[in-house]
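Peer 1: Have a look at the structure that comes next, please.
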Amino acid sequence: MMPPPDHGEISYKGSGRLLNRKALITGGDSGMGRATAIAYARKGADVAINYLPAEEPDPQQVAALIRKAGRKAVLIPGDLREEAFCRNLVAQSLSELGGTDIIVSDAGRQHQMESILEMTTELFDCTMKTNLYAPFWIIRTALPYLKPGSTIIATTSEQAYDPPGKSI
């Protein structure tokens, strides 16, 4: 993006309100997920982020910022459209962070089309698996490990209620 957005790399200072919490953030390499990962680390949380392997080096930049805040960063690349990967994502996050207190489901997929006639079944399936199935699989897997006071946050894009241009 030009100009590059401020995800809090410079502007956000943090407060210590999440000291020693452990967060798993899908889509933590860019956009709202990146900003959340940085903010959580600066508030005192250790952070595991999931991202697509093709999105390197963005997650490396986020991990460096998390570590600069004095917190642990765990990078877990993989495709959320696969149920087995979602289960492994939770297991790896639990193992490497020593637990999970916060789950942020931020990863999302969208395709702008002039007409629904342009949307293939394959694109529709990819969108549903990323935006609906993956959060379900992750939450279902993590729920038995979440202690009272834990938090699950599911986000959506502004595209859901304010899409640019034509919508299908």
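Peer 1: Given (1) over 23 Å from Met32 (Cβ atoms); (2) exposed (fewer than 14 other Cβ atoms within 10 Å of the Cβ), where does Gly99 come up short, assuming only one miss?
Peer 2: Unmet for Gly99, out of (1) over 23 Å from Met32 (Cβ atoms); (2) exposed (fewer than 14 other Cβ atoms within 10 Å of the Cβ): (2).
Peer 1: Given the conditions (1) touching a strand residue (DSSP E or B) at 6+ places or on another chain (Cβ under 9 Å); (2) without any contact (Cβ under 8 Å) to a residue 12 or more places away in the chain; (3) among the acidic types (Asp, Glu), and given that Glu96 satisfies all but one, which numbered condition is not satisfied?
Peer 2: Exception for Glu96: condition (2).
Peer 1: Just to be sure before I move on: is Gly98 on the phi > 0 side of the Ramachandran plot, under 14 Å from the mean Cα position of the chain (by Cα) and modelled with pLDDT of 95 or more in the structure I sent?
Peer 2: Values: on the phi > 0 side of the Ramachandran plot: yes; under 14 Å from the mean Cα position of the chain (by Cα): no; modelled with pLDDT of 95 or more: yes.
Against the criterion (on the phi > 0 side of the Ramachandran plot, under 14 Å from the mean Cα position of the chain (by Cα) and modelled with pLDDT of 95 or more), Gly98 does not qualify.
Peer 1: Right, something else. Inspect the range 27-35 for any residue being at pLDDT 95 or above and either buried (at least 18 other Cβ atoms within 10 Å of the Cβ) or in contact with a Ser or Thr (Cβ under 8 Å, 6 or more places away or on another chain) (or both) and give the result as yes or no. Steps first, please.
Peer 2: Of the range 27-35, the ones at pLDDT 95 or above are none.
No - not one qualifying residue is present in the range 27-35.
Peer 1: Filter the range 75-102 down to the residues that are touching an Asp or Glu at 6+ places or on another chain (Cβ under 7 Å) and within 17 Å of Lys147 (Cα to Cα) and list them by number. Explain how you work it out, then say what you get.
Peer 2: In the first step, residues of the range 75-102 are kept if they are touching an Asp or Glu at 6+ places or on another chain (Cβ under 7 Å); the result is 85, 97.
Residue satisfying the conditions is Leu97 alone.
Peer 1: Filter the range 112-140 down to residues that are part of a helix (DSSP H, G or I) and of a type in the set (D, E, K, R) and give me whichever is modelled with the highest pLDDT. Can you show your working first?
Peer 2: So in the range 112-140, the residues part of a helix (DSSP H, G or I) come out as 116-118, 121-140.
Checking which are of a type in the set (D, E, K, R) leaves us with 118, 122, 125, 129, 140.
Values: Glu118: 92, Glu122: 94, Asp125: 93, Lys129: 94, Arg140: 97.
The extreme case among them is Arg140.
Peer 1: What number of residues within the range 45-83 are small (Gly, Ala, Ser) and over 16 Å from Ser93 (Cβ atoms)? If you could, list the steps in order and put the result at the bottom.
Peer 2: Going residue by residue through the range 45-83, those that are small (Gly, Ala, Ser) are 45, 48, 54, 63-64, 69-70, 73, 78.
If we keep only those that are over 16 Å from Ser93 (Cβ atoms) as well, we get 54, 64, 69-70.
Count: 4.
Peer 1: So which pairs qualify, if the first residue must be in the range 69-83 and touching a residue at least 40 places away in the same chain (Cβ under 8 Å), the second must be in a strand (DSSP E or B) and surrounded by fewer than 16 Cβ atoms within 10 Å (Cβ to Cβ), the Cβ gap must be under 6 Å, and the two must be at least 6 apart or on different chains?
Peer 2: Once the first residue is touching a residue at least 40 places away in the same chain (Cβ under 8 Å) and sits in the range 69-83, no partner that is in a strand (DSSP E or B) and surrounded by fewer than 16 Cβ atoms within 10 Å (Cβ to Cβ) comes close enough.
Peer 1: Might you let me know whether the range 42-64 holds any residue that is within 20 Å of Leu146 (Cα to Cα), surrounded by 21 or more Cβ atoms within 10 Å (Cβ to Cβ) and of a type outside the set (A, V, I, L, M, F, W, C)?
Peer 2: Taking every residue of the range 42-64 in turn, at least one turns out to be within 20 Å of Leu146 (Cα to Cα), surrounded by 21 or more Cβ atoms within 10 Å (Cβ to Cβ) and of a type outside the set (A, V, I, L, M, F, W, C).
The values are calculated or read from the model by the stated rules, or taken from the named source; none is laboratory data. All values derive from a computational prediction rather than experimental measurement. Here the Cβ is made from the backbone with ideal geometry for all residues, glycine too, and neighbour counts use every protein chain on show.
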